[in-house]
Amino acid sequence: MPYPVAHRPAVKKTIIDSARKLFNRHGFESVSIQQIMAGVGLTHGGFYSYFNSKSDLYAEVLTCFFTDPNWKSCWEGVKVDLSSGDVGPQVVRAYLSRQHFENVEDSCPMVALPTDVARSGKSAKRAFETVFRSMVSVLERSLTQNGRPRRATAQGIASLCIGGMVVARALVDPALADELRDACMSVALSLGGWSNQPKSKKKPGAGHLKSSGELRLDHSSSHRRVETL
């Protein structure tokens with residue numbers, strides 16, 4: 001009996017999800033096709049009916065909630081409404097949140113895989129660029145009119161979020177890592193004109209992504225309390 005029509009896309013997605021977690025945790029070079037397929041209970045040989053090579057799979061792994069509405073790798077308690085008018089500060093707070101910092105396997109690939117991308121071919125670089133452009137576009141949409149070039153400001157905020165998380169992950173001292181994330185968040189919100197902007201109290205609806213949304217962060221200490229609105 002043939003498989004149903006939805007079977008093949010579903011299997012391909014499980015392979016991509018398995019690869020994302022392994023690549024985020026161990027890096028591209030250290031993960032084998034056999035390990036990726038074993039993570040979804042399939043054999044090495046079945047890989048090539050879905051992808052031409054590990055590099056082709058790698059390019060598909062380089063997605064995030066900015067480009068894939070079905071991206072299920074979420075950070076618990078963190079939500080971002082991409083349709084909201086105040087999506088910019090939501091993205092900044094979510095990206096630099098403790099949940100994202102601690103959830104290595106489900107990281108945005110721009111944090112976990114940039115050095116691998118730099119050594120990869122054009123397909124992986126284009127995939128990375130697509131995610132970055134999408135993040136910049138989302139941030140730019142809710143920037144306030146403050147005399148700065150909107151696109152340049154959005155690019156700076158995106159780079160501050162990504163770079164801040166990369167450096168924080170590389171630190172041994174957790175208190176210093178928290179301090180760095182807080183500093184990056186403060187500067188990014190200030191650049192966007194969102195420092196004094198109240199948190200949105202709009203309740204999530206059907207158009208909200210599970211992996212993103214509004215959150216309230218208590219910055220009174222490095223071990224902050226997080227509440228979902």
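The values are calculated or read from the model by the stated rules, or taken from the named source; none is laboratory data. Please read all numbers here as calculations on a predicted model, not as lab measurements. No Cβ is skipped: glycine too gets one built from the backbone with ideal geometry, and neighbour counts run over all protein chains shown. Note: areas computed on protein heavy atoms with side chains; ligands, DNA, RNA excluded. Shrake-Rupley method; radii C 1.70, N 1.55, O 1.52, S 1.80 Å.
Computed from backbone phi with θ = phi - 60° and the Karplus coefficients 6.51, -1.76 and 1.60, the 3J(HN,Hα) list for the stretch 170-181 is 8, 8, 7, 6, x, 5, 5, 4, 5, 4, 5, 4 Hz; x is used for glycine and proline.
Note the full-extension length gain between THR43 and GLN145 as 0.36 nm times their separation in residues minus their Cα-Cα distance, in nm to one decimal.
Working: separation 102, 0.36 × 102 = 36.72 nm, distance 5.44 nm.
So the extension gain works out to 31.3 nm.
Taking amide H as placed 1.01 Å from N in the peptide plane, GLY192 has no amide H partner under 5 Å among residues 5 or more places away or on another chain.
Taking only the Cα atoms of the stretch 18-142, the ratio Rg/Rh comes out at 0.99, with Rh defined as the Kirkwood radius.
Per-residue 3J(HN,Hα) values for the stretch 99-113, derived from phi via the Karplus relation 6.51 cos²θ - 1.76 cosθ + 1.60 with θ = phi - 60°, read 4, 5, 4, 7, 8, 5, 5, 9, 5, 4, x, 5, 8, 7, 10 Hz in sequence order (x marks Gly and Pro).
How high is the FRET efficiency from GLU105 to SER53, r the C-beta distance, R0 22 Å, rounded to 0.05? Intermediate results must be reported in sequence, preceding the final value.
Values: r = 23 Å, r/R0 = 1.04.
With a Förster radius of 22 Å, E is 0.45.
Of the listed residues ARG20, ARG151, ARG169, the order by accessible area with a 1.4 Å probe, largest first, is ARG151, ARG169, ARG20.
The length gained by stretching the chain between THR130 and THR115 to full extension, at 0.36 nm per residue less their Cα-Cα distance, is 3.8 nm.
You can think of it this way: the chain between SER123 and LYS12 has 38.1 nm of extra reach, that is 0.36 nm per residue less the Cα-Cα gap. For VAL80, the residues whose modelled amide H falls within less than 5 Å of its own, excluding neighbours fewer than 5 places apart on the same chain, are LEU209, SER212, GLY213, GLU214.
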